[in-house]
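Everything below concerns the one structure shown next.
Computed from the coordinates by the stated procedures, all read-outs in this text should not be read as laboratory data. Keep in mind the model is a prediction, meaning the values are calculated, not measured. So basically every Cβ, Gly included, is an ideal-geometry build from the backbone, and we count neighbours across all protein chains shown.
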Amino acid sequence: MAEKFNYEKSKAELEQILEELEQGEASIDTLAKHVKRASELIRLCREKLRQTDQEVQNILKDVDKEEPR
């Protein structure tokens, strides 16, 4: 079974990859692997942010409907 997506862990992993790349710690042999993993994490994080934004917008719409005018 696939591990459930966790935004905070994914963000931390992205930051670790970025730090390695910025400091030149990633070898040429692992560079493509790091870039591929980072692109996957970015895609997942963006999707989670979109979903969360949509959920919040829906909640706010429901609150506005319930509010007496």
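Here the range 27-68 is scanned for amide nitrogen atoms under 19 Å from the site 7 Å beyond the Cα of S10 along Cα-to-Cβ, giving 33-57.
The per residue volume of the convex hull around the alpha-carbon atoms of the chain is 106 Å³.
Could you size up the charge dipole of the chain around its Cα centre, putting +1 on the beta carbon of Lys and Arg and -1 on that of Asp and Glu, and report it in debye to the nearest 20?
Values: 13 positive and 17 negative charges, 68 e Å.
The calculation lands at about 320 debye.
Per-residue Karplus couplings for the range 6-23, computed as 6.51 cos²θ - 1.76 cosθ + 1.60 with θ equal to phi - 60°, are listed in order as 10, 4, 5, 5, 5, 4, 5, 5, 4, 4, 5, 4, 4, 4, 4, 5, 5, 8 Hz, Gly and Pro entered as x. Pairs of Lys residues in the chain, spaced 8 or more positions apart or belonging to different chains, with C-alpha separations under 16 angstrom: 4 in total. Mean residue ellipticity at 222 nm, helices only, the chain: -28500 deg cm²/dmol; runs of at least 4 DSSP H residues each add -39,500 (n - 2.57), and the sum is divided by the number of residues. Between the Cα long axis of helix 28-66 and the first principal axis of the chain there is an angle of about 10°, rounded to the nearest 10.
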